[in-house]
Amino acid sequence: MHVFVLGANGFIGSSLVRAILERTSWRISAIDLTQDKLAAVVDDPRLEFELGDVVERREWVDSRIRAADVVVPLVAIATPGTYVRDPLRVFELTFAENLRVVRACADAGTRIVFPSSSEVYGMCPDEAFVEDRSQLVLGPIVKQRWIYAASKQLLERVIWAHGSAGQLRFTVFRPFNWIGPALDDPPSKADGSRVIAEFLANLARREPIRLVDGGRQKRCFTYVDDGIECLLRILENREGRAEGQIFNVGNPANECSMAELAVALRRLFLVHGRTGSPGPEIVEVSGQAFYGPGYEDVEHRKPSIARVHTALGWEPRVGLDEALERTVVGYVENLRRRGSPLFAAG
Ligand code: UGA
């Protein structure tokens, strides 16, 4: 099989490329602006890596869409801070560029495995979100935070419509807060980071951890290895079981509040980062002050994973404690390896 991965040096992309090379005999074409996370595999004869911008390299991208058996378009801006500060950039990349890829897949007759997001459920009140039953609840237009969720939702609808018309073979997956050492790495990224990366950067810099609106919001954190295992099964598509499906890919057992997360990460950082007791203080900040007036939060977000379990026999294995510990250990190792000024090893 020939897999084409756009955004291959990102958190999910780099983990996926490494797993494909380690565990399958598939060939990969890949493109990204940077290649640091793929340094160890970039010369692998089964990987064709193109260093470049998908927006500038559209002809090359289209040629690989035509050549591949399946396309995984992972290029997107996935940090809520950017949804609020630069919504048009989110729209242009996350929506417009991916719409182009979806259309090119339909034209070429190439299967697409599309990364949507748990964000599409928005402020859904259900205890656990079900792919074809839960309402997708987004806020008013002035709350610009929802531009990413709206973009992903409309792309799902376009893909679904192409699929219903027999014009596109697809699987959509919705990751639920996948985490690992290299999430939003490096931590000094100018456009802000997702919560795990933000808290880890706070800990490394010995600055206060900021809990938005008291930190009662809950997420279910999914360790990246579990997510990638599911993604490999989706790509493999044994007996066509992933065909035309939308799957939540998350770990409902790993639910925790942001306040609990802050305490757990601070404790783990004391053990593995050896940064000196008691670690930075945990402070509260309003969502408006932290993100700006266009922010609105998701109070809880838990997936039902019955559908993906039935179709592919997948279920997550890594519990919350282990997921957080592996994340902290890997993060500290990365900083040490780079000799990062953020982290003066004890
Ligand atoms: C994220 C992003 O929208 C996408 O990356 C992704 O599609 C989706 O989740 C997912 O991974 O499933 P969210 O979980 O709200 O959305 O993003 P985070 O930035 O990780 O924030 C999680 C919670 O932590 C929010 O309630 C936020 O207000 C809070 N937070 C964030 C803090 O309390 N302190 C911080 O320093 C940062």
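Criterion applied to Val55, Val3 was being hydrophobic (A, V, I, L, M, F, W, C) and open to solvent by less than 50 Å² (accessible area, probe 1.4 Å), and the one residue passing it is Val3. Looking only at residues in the range 265-285 that are outside any helix (DSSP H, G or I) and either under 16 Å from Glu198 (Cβ atoms) or among the hydrophobic types (A, V, I, L, M, F, W, C) (or both), the one that is most open to solvent (accessible area, probe 1.4 Å) is Glu284. Across the range 232-264, the number of residues qualifying as part of a helix (DSSP H, G or I), surrounded by 18 or more Cβ atoms within 10 Å (Cβ to Cβ) and within 14 Å of the ligand (Cβ to nearest atom) comes to 3. Beta carbons closer than 8 Å, at least 6 apart along the sequence or on distinct chains, pair a first residue in the range 214-236 that is of a type in the set (D, E, K, R) with a second that is open to solvent by 20 Å² or more (accessible area, probe 1.4 Å) and assigned to a strand (DSSP E or B) for Lys218/Glu255; Arg219/Glu255.
Of all residues in the range 87-108, which are open to solvent by less than 60 Å² (accessible area, probe 1.4 Å) and either among the polar types (S, T, N, Q) or touching a residue at least 60 places away in the same chain (Cβ under 8 Å) (or both)? Within the range 87-108, Pro87, Val90, Thr94, Phe95, Asn98, Val101, Val102, Cys105, Ala106 qualify. Please work out if Ser151 is touching a helix residue (DSSP H, G or I) at 6+ places or on another chain (Cβ under 9 Å), farther than 20 Å from Pro252 by Cα and within 13 Å of the ligand (Cβ to nearest atom). It is true that Ser151 is touching a helix residue (DSSP H, G or I) at 6+ places or on another chain (Cβ under 9 Å), farther than 20 Å from Pro252 by Cα and within 13 Å of the ligand (Cβ to nearest atom). Any residue in the range 115-123 that is within 13 Å of the ligand (Cβ to nearest atom), open to solvent by less than 20 Å² (accessible area, probe 1.4 Å) and farther than 30 Å from Ile28 by Cβ? Looking through the range 115-123, at least one residue is within 13 Å of the ligand (Cβ to nearest atom), open to solvent by less than 20 Å² (accessible area, probe 1.4 Å) and farther than 30 Å from Ile28 by Cβ.
Considering the range 20-40, the residues that are open to solvent by less than 10 Å² (accessible area, probe 1.4 Å) and aliphatic (A, V, I, L, M) include one that is nearest to Ala197 (Cα to Cα), namely Leu38. Are any of the residues in the range 152-164 assigned to a loop (DSSP other than H, G, I, E, B), closer than 23 Å to Gly81 by Cα and open to solvent by 30 Å² or more (accessible area, probe 1.4 Å)? Looking for residues that are assigned to a loop (DSSP other than H, G, I, E, B), closer than 23 Å to Gly81 by Cα and open to solvent by 30 Å² or more (accessible area, probe 1.4 Å), one finds none in the range 152-164, hence no.
The values are calculated or read from the model by the stated rules, or taken from the named source; none is laboratory data. Worth saying up front: this structure is predicted, and the values here are computed from it rather than measured. Note that each Cβ is placed from the backbone with ideal geometry, even for glycine, and that neighbours are counted across all protein chains shown. To get the accessible areas, we keep the full protein, side chains included, count just its heavy atoms, and leave off ligands, DNA and RNA. Shrake-Rupley method; radii C 1.70, N 1.55, O 1.52, S 1.80 Å.
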